[in-house]
1. Out of LEU159, LEU191, LEU216, which single residue is of a type outside the set (Lys, Arg), free of Cβ contacts under 8 Å to residues at least 40 places away in the same chain and in a strand (DSSP E or B)?
2. Residue by residue through the range 16-43, note down the ones that are open to solvent by 50 Å² or more (accessible area, probe 1.4 Å) and on the phi < 0 side of the Ramachandran plot.
3. Any residue in the range 70-81 that is assigned to a strand (DSSP E or B) and open to solvent by 10 Å² or more (accessible area, probe 1.4 Å)?
4. Do any residues in the range 42-67 that are closer than 15 Å to GLY80 by Cα and more than 12 Å from the ligand (Cβ to nearest atom) have Cβ atoms under 7 Å from those of residues that are part of a strand (DSSP E or B) and open to solvent by 20 Å² or more (accessible area, probe 1.4 Å), where the two are at least six apart or on different chains, and which pairs are they?
5. Scan the range 194-210 residue by residue and report those that are over 12 Å from TYR233 (Cα atoms) and in contact with a strand residue (DSSP E or B) (Cβ under 8 Å, 6 or more places away or on another chain).
6. Tally time: how many residues in the range 173-189 are small (Gly, Ala, Ser) and within 20 Å of PHE25 (Cα to Cα)?
7. How many residues does the range 2-36 hold that are under 20 Å from LEU158 (Cβ atoms) and either aromatic (Phe, Trp, Tyr) or part of a loop (DSSP other than H, G, I, E, B) (or both)?
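The values are calculated or read from the model by the stated rules, or taken from the named source; none is laboratory data. Since the model is a prediction, treat every value here as computed from it, not as a measurement. Note that we place each Cβ from the backbone using ideal geometry, even for glycine, and neighbour counts take in every protein chain shown. SASA here: full protein model, heavy atoms, side chains in, ligands and nucleic acids out. Shrake-Rupley method; radii C 1.70, N 1.55, O 1.52, S 1.80 Å.
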Amino acid sequence: MSATLEVRGLEVAYGTVPALRDVSFTVDEGEIVGLIGPNGAGKSTTLHAITGLVPATTGDVSLEGAPLRGKPPEKIASAGIALVPEGRRLFAELTVEENLRLGLAARRKQGDEEALAEVFELFPALVDARRRSAGVLSGGQQQQLAIARALVSSPSVLLLDEPSLGLAPTVVDLVFSTLQQIRERGIAVLLVEQRAQRTVALADRTHVLANGELRLTLTPDDAADTDRMVAAYLS
Ligand code: ATP
């Protein structure tokens with residue numbers, strides 16, 4: 001059976017500068033796969049190449065065996081891959097509900113109201129905030145809204161670019177426990193994060209990216225192994 005998301009031999013260059021070299025990994029239904037590494041390692045580039053926002057020079061990206069490389073971002077989104085971008089990119093002037101309805105535009109199935117009900121169940125804090133402008137929400141609520149907006153499209157793969165960035169520790173806990181619930185719904189999750197230890201502990205496996213190459217793969221047992229975590233960043 002084909003993996004839900006398969007990335008094989010992916011290479012990206014910005015002009016003549018290589019940003020990704022021969023990157024390969026898979027994410028299956030109900031799995032969280034982490035991607036960590038220092039600034040500039042190529043984590044965001046990996047997500048942008050999967051979603052068609054930057055072109056790959058070579059390699060393949062496929063969803064349940066169907067090739068995606070070279071397709072435009074809107075086709076990749078409607079095939080079932082949703083991105084929660086770094087910095088959330090919400091429409092600050094629009095209400096929570098209006099932001100969510102924009103996410104529904106990419107929905108592949110019937111039942112918009114059910115989709116909204118499902119995300120409100122996952123993020124109860126958004127119910128009360130439904131008619132407030134996204135711009136006045138706390139950072140944690142904005143991040144929940146950004147994740148909810150991606151989920152209403154009913155994706156089979158959810159990509160997240162540093163969802164815990166700038167959040168207080170208790171809110172980070174909330175984001176990580178939400179990811180666990182999203183995994184339980186059978187979605188394939190690819191999580192780019194700076195919080196390496198938290199990510200390694202949560203994810204089924206975590207790849208370490210450095211200078212555009214996958215150097216090492218860590219499993220939850222490694223999260224408590226300080227030497228191995230340090231080695232991951234020195235590799
Ligand atoms: P960060 O944690 O800082 O977001 P990252 O691991 O996500 O880092 P990328 O943003 O993917 O890394 O960047 C990988 C490399 O590609 C870096 O050297 C970066 O400077 C370069 N790069 C990224 N975007 C562009 C662009 N649009 N044009 C040129 N170079 C770019």
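1. Details: LEU159 fails: free of Cβ contacts under 8 Å to residues at least 40 places away in the same chain; LEU191 fails: free of Cβ contacts under 8 Å to residues at least 40 places away in the same chain.
On inspection, the qualifying residue turns out to be LEU216.
2. Restricting attention to the range 16-43, the residues satisfying the condition of being open to solvent by 50 Å² or more (accessible area, probe 1.4 Å) are 16-18, 21-22, 28-29, 38-40.
Scanning the range 16-43 gives THR16, VAL17, PRO18, ARG21, ASP28, GLU29, PRO38, ASN39.
3. Keep residues of the range 70-81 that are assigned to a strand (DSSP E or B), which gives 81.
If we keep only those that are open to solvent by 10 Å² or more (accessible area, probe 1.4 Å) as well, we get none.
Within the range 70-81 (the criterion being assigned to a strand (DSSP E or B) and open to solvent by 10 Å² or more (accessible area, probe 1.4 Å)), the answer is no, since none of the residues qualifies.
4. THR51/LEU83; SER62/GLU6; PRO67/ASP60
5. The answer is THR199, VAL200, LEU202, ALA203, ASP204, ARG205, THR206.
6. At the first step, the residues of the range 173-189 found to be small (Gly, Ala, Ser) are 177, 186, 188.
From what is left, the residues that are within 20 Å of PHE25 (Cα to Cα) are 186, 188.
The qualifying residues number 2.
7. Residues meeting the conditions: 8.
Conditions (1) open to solvent by 40 Å² or more (accessible area, probe 1.4 Å); (2) closer than 21 Å to VAL33 by Cα, marked per residue:
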{"position": "GLN141", "(1), (2)": "yes, no"}
{"position": "LEU159", "(1), (2)": "no, yes"}
{"position": "ALA168", "(1), (2)": "yes, no"}
{"position": "ALA188", "(1), (2)": "no, yes"}
{"position": "GLU193", "(1), (2)": "no, yes"}
{"position": "ALA201", "(1), (2)": "yes, yes"}
